[in-house]
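J.: I am attaching a structure below and will ask some questions about it afterwards.
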Amino acid sequence: AGERTVGSDLARVSFDPTRQYRSVVAQQGRVTLEADVNDAARIAAEALRLETIDLVGPAATPDNGYQVSIDATNQVVVGAGTFYLGGWRLRLEAPVKISAQPDWLDMAPFGLQTATSLVALLVTEQSVCAVEDTALREVALGGPDSAARSRLMQHFPLLPGAGASCADATAGLVKQLAGEGV
């Protein structure tokens, strides 16, 4: 899982999960700011994400989604389906070759470097506005968007693995990440 990236035009971001707020309560005669609306959505989304982790676990798939394979052209492919990661529901409508990922346009070319390699899933939340997605342009406003959207971006880095098996490579990666504080 990754951190939320905010690139939209916001006066402030006041969401703080350590405060344990459950909702935003509108008050009579008060001005409503975008921070109030955004906080309400973020509080609800975080509650759902944590509940999903409690029910599903930190990582799971109901349909063997995101299964990694090698296709007929010797390309590493991540299969279509659903995957829950850190409480977020992810979906791939079609298989994705890791050499041509739609959410990773500036990816450097790579190939299998070692006998054992790992395909990881890196998810970040990104703000999207009319500059990135012209469908968000508001014709009634003469072209700009009225609000940005957030989107989960999925990257599948291919990592060199240590050892002769998937279990060895996974254990090596877990040890490496633990050493980096992850």
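J.: From the residues in the range 123-138 that are under 18 Å from Leu90 (Cβ atoms) and among the aliphatic types (A, V, I, L, M), which one is least open to solvent (accessible area, probe 1.4 Å)?
T.: Looking at residues that are under 18 Å from Leu90 (Cβ atoms) and among the aliphatic types (A, V, I, L, M), I get Val123.
J.: Cβ-Cβ distance below 7 Å, separation of 6 or more or different chains: which pairs start in the range 16-35 with a residue that is of a type outside the set (Gly, Ala, Ser) and end on one that is at pLDDT 85 or above?
T.: Every condition considered, the pairs that remain are Pro17/Glu46; Tyr21/Ile43; Arg22/Ile43; Val24/Asp36; Val24/Asp39; Val24/Ala40; Val24/Ile43; Thr32/Ala26.
J.: Do the conditions hold for Arg89, that is, is it under 27 Å from Gln67 (Cβ atoms) and open to solvent by 30 Å² or more (accessible area, probe 1.4 Å)?
T.: So Arg89 fits the description; yes.
J.: Please verify whether Val182 is of a type in the set (A, V, I, L, M), at pLDDT below 80 and either part of a helix (DSSP H, G or I) or open to solvent by 60 Å² or more (accessible area, probe 1.4 Å) (or both), treating the condition exactly as stated.
T.: yes
J.: Which one is nearest to Gly87 (Cα to Cα), of the residues in the range 114-152 that are touching a strand residue (DSSP E or B) at 6+ places or on another chain (Cβ under 9 Å), free of Cβ contacts under 8 Å to residues at least 60 places away in the same chain and of a type in the set (A, V, I, L, M, F, W, C)?
T.: In this case the residue turns out to be Leu121.
J.: Is it the case that the range 52-74 has a residue that's acidic (Asp, Glu), more than 15 Å from Leu121 (Cα to Cα) and modelled with pLDDT of 95 or more?
T.: Yes; the residues of the range 52-74 include at least one that is acidic (Asp, Glu), more than 15 Å from Leu121 (Cα to Cα) and modelled with pLDDT of 95 or more.
J.: Among the listed residues Ala45, Ala80, which satisfies the condition of being at pLDDT 90 or above and either over 23 Å from the mean Cα position of the chain (by Cα) or under 30 Å from Ser117 (Cβ atoms) (or both)?
T.: None of the others qualify; the one that does is Ala80.
J.: Which ones in the range 149-173 are open to solvent by less than 60 Å² (accessible area, probe 1.4 Å) and part of a strand (DSSP E or B)?
T.: Those that are open to solvent by less than 60 Å² (accessible area, probe 1.4 Å) and part of a strand (DSSP E or B): Leu152, Met153, Gln154, His155, Leu158, Leu159.
J.: Do we have any residue at all in the range 139-146 that's open to solvent by less than 40 Å² (accessible area, probe 1.4 Å), farther than 25 Å from Glu46 by Cα, of a type outside the set (A, V, I, L, M, F, W, C) and more than 23 Å from the chain's Cα centre (by Cα)?
T.: Kept after step one, since they are open to solvent by less than 40 Å² (accessible area, probe 1.4 Å), are these residues of the range 139-146: 143.
Now drop any that are not farther than 25 Å from Glu46 by Cα, which leaves 143.
Going one step further and asking which of them are of a type outside the set (A, V, I, L, M, F, W, C), we end up with 143.
With more than 23 Å from the chain's Cα centre (by Cα) added as a condition, the list becomes 143.
The answer is yes, given that some residue of the range 139-146 is open to solvent by less than 40 Å² (accessible area, probe 1.4 Å), farther than 25 Å from Glu46 by Cα, of a type outside the set (A, V, I, L, M, F, W, C) and more than 23 Å from the chain's Cα centre (by Cα).
J.: Given the condition open to solvent by 50 Å² or more (accessible area, probe 1.4 Å), charged (D, E, K, R) and at pLDDT 90 or above, answer yes or no: does some residue in the range 93-107 qualify?
T.: yes
The values are calculated or read from the model by the stated rules, or taken from the named source; none is laboratory data. The shown structure was predicted, so the numbers you read here are calculated from the model rather than taken from an experiment. Glycine gets a Cβ as well: all are built from the backbone with ideal geometry, and neighbour counts include every protein chain shown. All accessible areas refer to the heavy atoms of the entire protein, side chains included, with ligands and DNA or RNA removed. Shrake-Rupley method; radii C 1.70, N 1.55, O 1.52, S 1.80 Å.
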